[in-house]
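These notes are about the structure you will find just below.
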Amino acid sequence: MLLTVLRRLLPKGADPESARLVLARGLRGFADGMVSVLLASYLLDLGFSPGEVGILVTGTLLGSAALTLGVGMFGQAAAPRTILLGASGLMLATGLGFASFGDFWPLLLVAVAGTLNPSNGDVSVFLPTEQAILSGFATGQTRTALFARYNLAGTFCAAFGALCAGVPVAIAKWQDWDLVDAQRSGFVLYAVVALTVALIYRGLPRIEAALRARAAPLAKSRSVVLRLTALFCIDSFGGGFAVQSLLALWLFKRFEMSVETAGAIFFAAGLLAAFSQLVSAWLAERIGLIRTMVYTHLPSNVFLIIAALMPSAPLAVGFLLLRTSMSQMDVPARQSYVMSVVPPEERAAAASVTNVPRALAAALSPALAGYLLTQTTFGWPLILAGSAKIVYDLLLLAQFRSRPPQEEGVKALEAAR
């Protein structure tokens, strides 16, 4: 039933099978949004310091990068459905692991080996495989619109997940239950979502042969992909200072904010980010993918820096919401741009190559952010995040504004005639 509704919402010309990936992305987004807000509170209630929280967040990102690298290096012979089902099994084990353990070292092991996502975006092992599949389901502007809907589903559902993060805490306070045990239920739900997305992935049989036949390592597009990857690493390194779990931690420590309030704030932020995905596709069609990426991303990073300087919670939250209303508009444009500048047979490799270093770069900064928050509650992590991302924006515009994707070049020639 839900798949039927989603198929009707797909952009015209997109393969109906892409609805399965949009639905799976939405469910995973809900689970990620919930645990990204719950994680910091849960770990603090277990007795961990902000520095230890930062190390565990780093562990989750390092693990995602290692898994994605492994899939990129050794997973080409495997069917995409097999990879996604295996990732779902690992997601199940991750949720059960975080719900079962309460000591630092077992949780660090689960964080590194598992799929937990501390951000409001997708940095998981699922992403490269899903991107490669989606790129074969549409072309040109339809592809950008499809990526926008894919990201819209994830971001929109992540907003509801963030809102639901406060539910276990509120119920525990109301019923006088143990707060840690109540928060563990969120990780159990994370495991249940893993089982659900596995059932959705089981319906992807007919695309496997075609994708494996087209798969090839980077060759023609090696140079441009490596240049893009280097820039994406700068962006991700900055983003690691301000992943959603660490933003929640900063709000908890700086303004003594409750989990319920933080969840409501991230819900509002998620809604703004979700609907901006649709604006991204509209904007990209008019000004191009690179300009869409830079002209929306740059002001959002200025807002992030300003939020760090604000003396009160309402002002800080206001600028964080302004930042979120624009910060995700570059995502569908970026994904579509990468897929457009490489030949079809190299798209799976390009997705893996661009995502693995991004995940590794993002994993370097959370531990430093956690350390900074043990020294002061001032928003140094937010300032560092915004500054690094501004450098990325300016370099991206300088290096790639003269290299539009092929369909934009064709459109410009037609308009000039």
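The values are calculated or read from the model by the stated rules, or taken from the named source; none is laboratory data. In this text, all values refer to a predicted model and were calculated from it rather than measured experimentally. Positions of Cβ are generated from backbone atoms using ideal geometry, with glycine treated the same way; all protein chains shown enter the neighbour counts.
Annotations
- Cβ-Cβ under 8 Å pairs, at least 6 apart or on other chains, the range 93-111 side of a type in the set (A, V, I, L, M), far side surrounded by 23 or more Cβ atoms within 10 Å (Cβ to Cβ) and not in a helix (DSSP H, G or I): A93/G114; V110/L116
- Long-range neighbours under 7 Å by Cβ, at least six apart or interchain, first residue within 16 Å of A281 (Cβ to Cβ) and among the small types (G, A, S) within the range 11-32, second assigned to a helix (DSSP H, G or I) and modelled with pLDDT under 90: G13/T142; A14/T142; A14/L146; S18/L134; S18/L146
- Residue within the range 337-360 that is within 20 Å of the chain's Cα centre (by Cα) and at pLDDT 85 or above present: yes
- Only residues that are touching a helix residue (DSSP H, G or I) at 6+ places or on another chain (Cβ under 8 Å), under 24 Å from T142 (Cα atoms) and modelled with pLDDT under 90 were counted across the range 361-417, and they come to 8.
- Some residue of the range 328-342 being in a helix (DSSP H, G or I), over 23 Å from N151 (Cα atoms) and in contact (Cβ under 8 Å) with a residue 12 or more places away in the chain: no
- Yes/no for R347 being basic (K, R), over 25 Å from V279 (Cβ atoms) and part of a helix (DSSP H, G or I): yes
- Residues of the range 374-391 classified as under 19 Å from the mean Cα position of the chain (by Cα) and closer than 14 Å to L249 by Cα, total: 2
- Just one of the listed residues (L108, L56) is of a type outside the set (G, A, S), surrounded by fewer than 19 Cβ atoms within 10 Å (Cβ to Cβ) and within 24 Å of L247 (Cα to Cα), namely L108.
- Taking every residue in the range 218-245 that is touching a residue at least 12 places away in the same chain (Cβ under 8 Å) and within 30 Å of V53 (Cβ to Cβ) and pairing it with any residue that is assigned to a helix (DSSP H, G or I) and among the β-branched types (V, I, T), at least 6 positions away or on another chain, the pairs with Cβ-Cβ distances below 7 Å are T229/V353; T229/T354; F232/T354; I234/V391; V243/V57; Q244/V37; S245/V57.
- Residue in the range 350-361 that is in a helix (DSSP H, G or I), among the charged types (D, E, K, R) and touching a residue at least 60 places away in the same chain (Cβ under 8 Å) present: yes
- Breaking point among (1) over 22 Å from V110 (Cα atoms); (2) part of a helix (DSSP H, G or I), for R184: (1)
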